[in-house]
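What follows is one structure encoded as structure tokens, with my remarks underneath.
The values are calculated or read from the model by the stated rules, or taken from the named source; none is laboratory data. Computed from a predicted structure; not experimentally measured. Neighbour counts run over all protein chains shown; Cβ positions are idealised from the backbone, glycine included. Remember, those area values only see protein heavy atoms, side chains included, never the ligands or the DNA or RNA. Shrake-Rupley method; radii C 1.70, N 1.55, O 1.52, S 1.80 Å.
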Amino acid sequence: MKYFIITGTSSGLGEALAKSVIEEKNKVFCISRRMNNNLKDLASQNKTLLWYYEQDLNQMESIPRLIDEIFSYIDHEAVNEITLINNAGVVEPVKFLGDCLPIDIINHITTNLTVPFLLANEFIKKSEKFKCKKNIINISSGAAQNPYAGWTLYCSAKAGLDMMTRTVNLEQKEMDYPVRVLSIAPGIVNTQIQEKLRQADIQDFPMKHKFEKLHQENKLTDPIVAATGILRVVSDYTFDSGSIIDLRNVSS
Ligand SMILES: NC(=O)c1ccc[n+]([C@@H]2O[C@H](COP(=O)([O-])OP(=O)(O)OC[C@H]3O[C@@H](n4cnc5c(N)ncnc54)[C@H](OP(=O)(O)O)[C@@H]3O)[C@@H](O)[C@H]2O)c1
């Protein structure tokens with residue numbers, strides 16, 4: 001029996017990941033501020049279990065209790081794989097450093113970096129005694145490796161996630177029942193994040209035209225296609241822990 005904990009399931013890539021997981025009859029814990037009733041309906045049609053936490057992850061003090069509760073629902077006898085997918089993310093503020101409000105900087109780094117650290121920390125702690133396969137998947141971005149003006153916060157947070165992947169791998173590989181950690185960049189995916197980029201001010205985001213052109217030319221990846229690629233990587237244990245993977249370089 002496989003369990004997935006997926007953040008940011010109300011739209012975009014996270015919703016597509018949850019759909020795929022449900023259709024494979026796996027059990028899923030979904031977390032986002034907005035409820036997603038379509039996922040609930042899909043889970044009941046597929047006769048599989050879904051737990052939905054309508055929660056703002058930036059309310060960080062609730063995270064240990066949340067992961068505690070999630071683990072209390074996991075069947076110790078039947079589980080053979082548990083996967084946390086750190087998917088929730090924001091792109092705003094799309095602005096040069098020097099033009100941002102302090103609170104917007106704090107919120108961005110909280111969602112994109114601090115929350116994944118807190119979730120991973122609790123996941124590692126709570127799953128320590130589980131002998132089954134265990135994964136933490138950090139949804140990264142090409143922006144972790146490539147700087148873009150206007151994306152100082154986004155690039156820095158995603159680069160931080162990639163380094164977390166590499167360092168946690170070093171820590172976990174000495175453990176009796178290690179957690180495998182991967183960073184996966186999904187490519188350019190047709191989601192609300194892309195809509196927000198197309199609405200950005202050109203002065204704040206000089207690369208805006210590149211993203212507008214990709215959209216006009218229908219070159220954005222469908223979220224379901226990206227989700228299928230991510231789940232294929234997760235189930236393929238030839239991808240070693242600590243790997244930083246760009247889906248665009250993985251043959252389908
Ligand atoms: N789209 C792309 O081209 C692209 C490329 C590379 C990487 N990514 C990454 O893919 C991931 C998913 O983004 P997306 O493109 O699918 O965008 P999206 O449609 O805007 O999805 C973002 C998700 O994150 C959730 N979220 C944001 N803040 C949250 C908070 N404080 N608490 C709980 N949930 C929160 C949102 O839910 P609520 O608003 O309901 O809370 C939403 O479900 C992100 O990590 C993004 O950086 C996307």
Quiz item: If you take the square roots of the eigenvalues of the alpha-carbon gyration tensor of the range 8-134 and sort them as a ≥ b ≥ c, do you get rounded (a/c under 1.5), prolate (a/b over b/c) or oblate?
Solution: oblate
Exercise. Any lysines with Cα under 26 Å of the K208 Cα? List them, leaving off those in the same chain fewer than 8 positions away.
Key: K95, K158, K196, K219
Quiz item: With each label point set 7 Å from Cα along the Cα-Cβ vector, what nm distance links Q55 and L170?
Solution: 3.1
Quiz item: R248: accessible area at probe 1.4 Å, nearest 10 Å²?
Solution: 140
Exercise. Pull up all non-local amide H partners of F4: gap of 5 or more, or a different chain, and H-to-H distance under 5 Å with H placed in the peptide plane.
Key: K27, V28, F29, T83
Quiz item: Among N38, N86, N135, whose mean-square fluctuation peaks in a Gaussian network model of the chain (Cα, cutoff 10 Å)?
Solution: N38
Exercise. Looking at the range 1-89, send over the antiparallel percent of its DSSP beta bridges, to the nearest 5.
Key: 0
Quiz prompt | Estimated distance in nm for a label pair at S252 and F96, the labels positioned 7 Å out from Cα along Cα-to-Cβ | solution = 3.9
Self-check item: Partner lysines for K131 [C-alpha distance under 28 Å; skip if fewer than 8 residues away on the same chain]
Solution: K2, K19, K25, K27, K47, K173
Quiz item: Which value, in debye to the nearest 20, gives the size of the charge dipole of the range 94-240 about its Cα centre, when Lys and Arg are +1 and Asp and Glu are -1 at the Cβ?
Solution: 340
Self-check item: Whole-Hz couplings from phi, Karplus 6.51/-1.76/1.60, listed for the range 21-32; x for Gly and Pro
Solution: 5, 5, 5, 7, 6, 8, 9, 9, 10, 10, 9, 6
Quiz item: What ranking of I109, I230 comes out by heavy-atom accessible area, probe 1.4 Å, highest first?
Solution: I109, I230
Quiz item: Roughly speaking, to the nearest percent, how much of the chain's 1.4 Å accessible area is carbon and sulfur?
Solution: 49
Quiz item: For the chain, with every protein chain kept in place, what is the accessible area per residue (1.4 Å probe, Å²)?
Solution: 49
Quiz item: With every protein chain in place, what's the accessible area of S252 (1.4 Å probe, Å², nearest 10)?
Solution: 130
Practice problem: Provide the solvent-accessible area of V250, counting protein heavy atoms only and rolling a 1.4 Å probe, rounded to the nearest 10 Å². | Solution: 40
Exercise. Identify, among L182, L170, Q203, the residue whose Cα sits farthest towards the positive end of the charge dipole of the range 170-212, taking +1 on the Cβ of Lys and Arg and -1 on the Cβ of Asp and Glu, with the dipole about the Cα centre.
Key: Q203
Self-check item: Relative contact order, percent, the range 172-252 [alpha-carbon distance under 8 Å, six or more residues apart]
Solution: 49
